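Visitor: Here it is, the structure in full.
Every read-out reported here was derived from the displayed coordinates using simple, explicitly stated rules and does not represent laboratory data. Owing to the predicted nature of the structure, the values given are computational and were not obtained by experimental measurement. Note: ideal-geometry Cβ built from the backbone for every residue, glycine included; neighbour counts use all protein chains shown.
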Amino acid sequence: MTGSSPPLHFIRLQDLTDRQIEDILDLSERMKRGASRAELATHTIGLLFFRGSLRTRTSLVAAVHHLGGHTVNLTAASDFWELEAQDGTIMDGAAPEHIRDAAAVMSKYVSALAIRPKQAGQSWTMDRKDMNIQAWAAHSQVPVINMESCLWHPLQALADLLTLRESLGNLGGNKLAIVWTRSPQPSSPSVVHSILHGALRSGMNVSIAHPPGYELDESVLDAAQTSAAERGVELETGLSMEDAAEGAHVVYARSWHSLETYGNPTLAASQLARAGTWTIDEAVMARGEQAGLMHPMPVRRNLEVTDEVLDGPRSLILAQAENRLHTQKGLLSLLLRP
Ligand code: CP
């Protein structure tokens, strides 16, 4: 929302009410079926990437163009420089500019700022504060959209919710199995934190499988347990792949790094070696109730999920990736509505 009221930022799914999420999903469905709107005809959206992206970058640029708007698409290191996030610091390090100033200036040029920050990768205690995206939100005069921080990936969650809705109809009472998968370059748990929150909020029962030491962020899990209790749904964690997938309607695969060994590559490598094989194959999928397979991508074939499952009739990964486009159109329409 623009004008004199404070901007509505989208840092995590919790920034939206249930009604707003429903409205976005309804509008996204209509847009997917072909409804066109020039909602962003007078708008320019700034996209700032501090690390790489294939889907988020392309789908957001396309979404803005479909709505009649323009993008300014900047990559840190090649197009600009490091930015300081800490307030009150003496800026004698690598960053020549503070996010406070960059956000204030960019707010004069664009209608919304979408940011994909980079994690420092030294300490989860520090990175889980999401200091960079929070600094952008604190100092921007226009809506800030989180394109995946350490803790949250709300854009992915919107697309995931639409995909679940298309596949299952009413989500209440269905079971989502979130399964850790093996990767030499695990991701942040941001995607899993976001869909965990979104699924519980939609009334789904959730089971989470992971090897020992790969527990999700403690505060996120505590909030998830509270959310599950409030809604009377089940949340189980620390299961095997097979137990999590038992009776599931959708299996959601994702690799994430251990928060126990975060910032220590040597310990992280030996922990990963001990984790063993975690590949989703037809045998795991057969535990479900004709379960669909979701993965936010990029996916390592035959390491995280077998070709047979990824390319089989139960795979939802392409619909899920396509829905990034439609749900981002729905979100932008809501955020920038006068
Ligand atoms: N799922 C997702 O965010 O993909 P990218 O990292 O390619 O943007």
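Visitor: May I ask which residue of Ala76, Met204, Ala273 lies farthest towards the positive end of the charge dipole of the chain, with charges of +1 (Lys, Arg) and -1 (Asp, Glu) on Cβ and the Cα centre as origin?
Guide: The one lying farthest along the dipole's positive direction is Ala76.
Visitor: Tell me the Kirkwood radius of the chain: reciprocal of the mean inverse pair distance over distinct alpha-carbon atoms, in Å.
Guide: So the Kirkwood estimate lands at 20.5 Å.
Visitor: May I pose another question? Tell me the GluC sites (Glu not before Pro) within segment 271-330 that lie in a loop according to DSSP and have at most 15 other beta-carbon atoms within 10 Å.
Guide: Answer by residue number: Glu289.
Visitor: Between Thr71 and residues 5 or more places away or on another chain, which pairs have amide H atoms under 5 Å apart, with H built 1.01 Å from N, and which residues are they?
Guide: Amide H neighbours of Thr71: Ile45.
Visitor: How high is the relative contact order of the chain, in percent, counting Cα pairs under 8 Å that sit 6 or more residues apart?
Guide: RCO, the chain: 21 percent.
Visitor: Assigning unit charges at the beta carbon (Lys, Arg +1; Asp, Glu -1) and nothing else, what dipole magnitude in debye, to the nearest 20, does the chain show about its Cα centre?
Guide: Once rounded to the nearest 20, the dipole reads 880 debye.
Visitor: Counting only trypsin sites (Lys or Arg not before Pro) that are in a DSSP loop and have at most 10 other C-beta atoms within 10 Å, tell me the longest site-free stretch of the chain.
Guide: 109-338
Visitor: Which whole-Hz ³J(HN,Hα) couplings does segment 129-135 yield from phi under the Karplus relation 6.51 cos²θ - 1.76 cosθ + 1.60, θ = phi - 60°, glycine and proline marked x?
Guide: 3J(HN,Hα) across segment 129-135, in whole Hz: 6, 6, 4, 5, 5, 5, 5.
Visitor: Near the amide H of Glu236, under 5 Å away, which other amide H atoms are found, from residues 5 or more places off or on another chain, if H is placed in the peptide plane?
Guide: Hits under the 5 Å cutoff: Val206, Ser207, Ile208.
Visitor: Using DSSP to define loop residues, name the GluC sites (Glu not before Pro) in segment 5-87 whose beta-carbon has at most 15 other beta-carbon atoms within 10 Å.
Guide: Glu82
Visitor: Nearest 10 degrees, 0 to 90: what angle lies between the long axis of helix 154-168 and the longest principal axis of the chain (Cα atoms)?
Guide: Orientation of helix 154-168: about 40 degrees from the principal axis.
Visitor: Only Lys, Arg, Asp and Glu count, each charged at its Cβ (+1, +1, -1, -1), so figure out the dipole size of segment 37-152 about its Cα centre, rounded to 20 debye.
Guide: 460
Visitor: Could you tally the net charge around Leu161, taking each other residue with its Cβ under 13 Å from the Cβ of Leu161, Lys/Arg +1 and Asp/Glu -1?
Guide: Computed value for this residue: -4.
Visitor: Glu97: net charge of surrounding residues, Cβ under 12 Å, Lys/Arg +1, Asp/Glu -1, itself excluded?
Guide: Combined, the nearby Lys, Arg, Asp and Glu give -2.
Visitor: Hey, another quick one. Sequence-distant or interchain residues sharing an amide H contact under 5 Å with Glu97, placed H: which?
Guide: Glu84
Visitor: Would you calculate, for the chain, the mean residue ellipticity at 222 nm contributed by helices, counting each DSSP H stretch of 4 or more residues as -39,500 (n - 2.57) and dividing by all residues, to the nearest 500?
Guide: -11500 deg cm²/dmol
Visitor: Here's another thing I want to ask about it. Would you work out which of Met91, Ser258, Pro189 lies farthest towards the positive end of the dipole of the chain, given +1 charges on the beta-carbon of Lys and Arg and -1 on that of Asp and Glu, about the Cα centre?
Guide: Met91
Visitor: For helix 218-231, report the angle its Cα long axis makes with the longest principal axis of the Cα atoms of the chain; keep it between 0 and 90° and round to the nearest 10°.
Guide: Result, in degrees: 70.
Visitor: So how strong a dipole does segment 242-338 carry about its Cα centre when Lys and Arg Cβ are +1 and Asp and Glu Cβ are -1, to the nearest 20 debye?
Guide: Roughly 600 debye for segment 242-338.
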